[in-house]
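Only one structure is covered here, and it is reproduced in the block below.
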Amino acid sequence: CLFAGQLPTWLQGILLRNGPGMHTIGDTTYNHWFDGLALLHSFTFKNGEVYYRSKYLRSDTYNCNVEANRIVVSEFGTMAYPDPCKNIFAKAFSYLSHTIPEFTDNCLINIMKTGDDFYATSETNFIRKIDPQTLETFEKIDYSKYTAVNMATSHPHYDSAGNILNMGTSIVDKGKTKYILFKIPSSVPEKEKKKSCFNHAEVVCSIPSRSLLHPSYYHSFGMTENYIIFVEQPFRLDIVKMATAYMRGVNWASCLSYHKEDKTWFHFVDRKTKKEISTKFYTDAMVLFHHINAYEEDGHIVFDLIAYTDNSLYEMFYLKNLNKYLVENNKLSSSPTTKRFVVPLQHDKDAEVGSNLVTLPSTATAVKEKDGNIYCQPEILCEGIELPRINYDYNGKSYKYVFATKVQWNPVPAEIVKLNTQTKETLQWGEDHCWPSEPVFVPSPDAKEEDDGVILSCVVMTDPKKAPFLLVLDAKTFKELGRAIVNVEMHVDLHGMFIPQKDLKTEAE
């Protein structure tokens, strides 16, 4: 890439990104933007130079579709059939005999690090190993072979030892639907080197679903030093509908529904005892995709997330709706709101009914009710931001800064924002015709403060005469340090990570 500006000399490694890249195969087109075939792309920083590369994830889904020259593998928003990759009768029979259909391995949402390896992930039970340097695709891992989950999030957490903590939904036993928190170790004992980290996956805890046939949809979860935070929202999956979707000729997304009259329940799992806190905390109905961060303070858990008042965000990314939004400049019916909940885990059990149990300085409240449940109301930190990132060294700890894209009422981000959660002040970067992606924070090696480092964001241009670029900002001041111009078409992506040079295997390894 042609780099204009000044790169910090310490910035060495790869920014690896993932997202939907191909929406039309032959004369068939996906219904939903989140269904497109996964396209990986990367920016490699080496001795002051920047190199760009992109490659489709060679999933079984990709191979089947390309071979048939049409969409033959179903995605969340697009049901495809009959599938020439399989005998249609065998397929139909398997649908009748299993509650959960066979999912796609089109891993298009995020990148996950497991030990020294990297995987492309989505929200099904499949992940694909990839080479971050060449973007080649390797083996497919099926979570359900190692732990009883049918779906898992693409936003795992990493503990201080590099182990992965993730959550998945288990629908194996009919009528015993539960959410499972599982751990994948970052390394395996020397004598078991032939086995993978996944062979050593263990269930940390399981939380029964409040509704056995309608488990909550979730995209991420929260973590503090001692607790896991799981939000069970009234945006739910209908298992019976899902099992029969193929027969009825409808997509799986139509099996999701939002119940705005219901409550949103908070679950807190003690990471040491592996047990859930018995007190029941809840808030009003909301739809949540991204947790930002969480920490403990004075007997309270403070956690920040981005919430909506309805499920219009998913609806909006149907391609027919997306095109309409872009042409007519339509607006979301629900803007994303950054909310801070303050939950008094250690409170006076004899407190009066109706009293606010929060003792930290915050406008967030937690009110005790007659039945012993505690009703939580948040403090509003900010409106109109999405795709939040933090300095991950501060994950689970008291922190100040959120880096995000500004979306306001439109689905497509126009600016990058730095939010100070303590003062609620923001810094912004934006330019005409620019669509920036999720901003990734990379700390400088000698960082003294939380925002010592740079922000990296891939910027796609709406002006066809202008080339896309990778933007590099000083994370403290939000001033531009430079941009790497890419002379090929670049796609709008979803999530990714920066991999420092030291975490990349050398050719000898």
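The values are calculated or read from the model by the stated rules, or taken from the named source; none is laboratory data. Note that the structure is predicted; figures quoted are calculated from it, not measured. Because the Cβ atoms are built from the backbone with ideal geometry, glycine has one as well, and the counts that use them run over all protein chains shown. Areas reflect the complete protein model, heavy atoms only, side chains present, ligands, DNA and RNA absent. Shrake-Rupley method; radii C 1.70, N 1.55, O 1.52, S 1.80 Å.
Considering the stretch 123-152 alone, what residues qualify as being open to solvent by less than 10 Å² (accessible area, probe 1.4 Å) and either assigned to a strand (DSSP E or B) or in contact with a Ser or Thr (Cβ under 6 Å, 6 or more places away or on another chain) (or both)?
Scanning the stretch 123-152 gives Ile127, Ile130, Val149, Ala152.
Quick check on Tyr282: is it touching a residue at least 12 places away in the same chain (Cβ under 8 Å), within 21 Å of Ser216 (Cα to Cα) and either out of contact with any strand residue (DSSP E or B) (no Cβ under 6 Å at 6 or more places or on another chain) or part of a helix (DSSP H, G or I) (or both)?
no
Filter the stretch 1-56 for residues that are in a loop (DSSP other than H, G, I, E, B) and either over 30 Å from Lys479 (Cα atoms) or within 21 Å of the chain's Cα centre (by Cα) (or both) and give the result.
Hits for the stretch 1-56 are His23, Gly26, Asp27, Tyr30, Asn31, Gly36.
Within the stretch 246-269, restricting attention to residues that are assigned to a strand (DSSP E or B) and within 20 Å of Ala366 (Cα to Cα), which residue is most open to solvent (accessible area, probe 1.4 Å)?
Trp265
Within the stretch 281-293, can one find any residue that is at pLDDT below 95 and open to solvent by 60 Å² or more (accessible area, probe 1.4 Å)?
Scanning the stretch 281-293 turns up no residue that is at pLDDT below 95 and open to solvent by 60 Å² or more (accessible area, probe 1.4 Å).
Can you work out which of the residues in the stretch 467-501 that are surrounded by fewer than 15 Cβ atoms within 10 Å (Cβ to Cβ) and in contact (Cβ under 8 Å) with a residue 12 or more places away in the chain is farthest from the chain's Cα centre (by Cα)?
Taking the candidates together, the pick is Asn487.
So, in the stretch 423-443, exactly how many residues are without any contact (Cβ under 8 Å) to a residue 40 or more places away in the chain, open to solvent by 60 Å² or more (accessible area, probe 1.4 Å) and in contact with a strand residue (DSSP E or B) (Cβ under 9 Å, 6 or more places away or on another chain)?
The total comes to 3.
Rundown of residues vs (1) among the hydroxyl-bearing types (Ser, Thr, Tyr); (2) closer than 25 Å to Glu102 by Cβ; (3) at pLDDT below 95, yes/no style:
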site	(1), (2), (3)
Ala4	no, no, yes
Gly13	no, no, no
Gly19	no, yes, no
Leu39	no, yes, no
Glu49	no, no, yes
Arg58	no, yes, no
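Is there any pair with a first residue in the stretch 306-334 that is aliphatic (A, V, I, L, M) and a second that is open to solvent by less than 30 Å² (accessible area, probe 1.4 Å) and at pLDDT below 70 whose Cβ atoms are under 6 Å apart and which are 6 or more apart or on different chains, and what are they?
Met316/Pro411
Scan the stretch 390-407 and give yes if some residue there is under 21 Å from the mean Cα position of the chain (by Cα), modelled with pLDDT of 95 or more and acidic (Asp, Glu), otherwise no.
Yes, some residue in the stretch 390-407 is under 21 Å from the mean Cα position of the chain (by Cα), modelled with pLDDT of 95 or more and acidic (Asp, Glu).
Of (1) touching a helix residue (DSSP H, G or I) at 6+ places or on another chain (Cβ under 6 Å); (2) open to solvent by less than 40 Å² (accessible area, probe 1.4 Å); (3) not basic (Lys, Arg), Leu213 satisfies all except one. Which?
(2)
Sort out for me the strands (runs of 3 or more DSSP E) sitting completely within the stretch 294-374 that have 3 or more residues that are hydrophobic (A, V, I, L, M, F, W, C).
300-308, 337-344
From Ile180, Ile171, Ile127, grab the single residue that is in contact with a Gly (Cβ under 9 Å, 6 or more places away or on another chain) and in contact (Cβ under 8 Å) with a residue 12 or more places away in the chain.
Ile180
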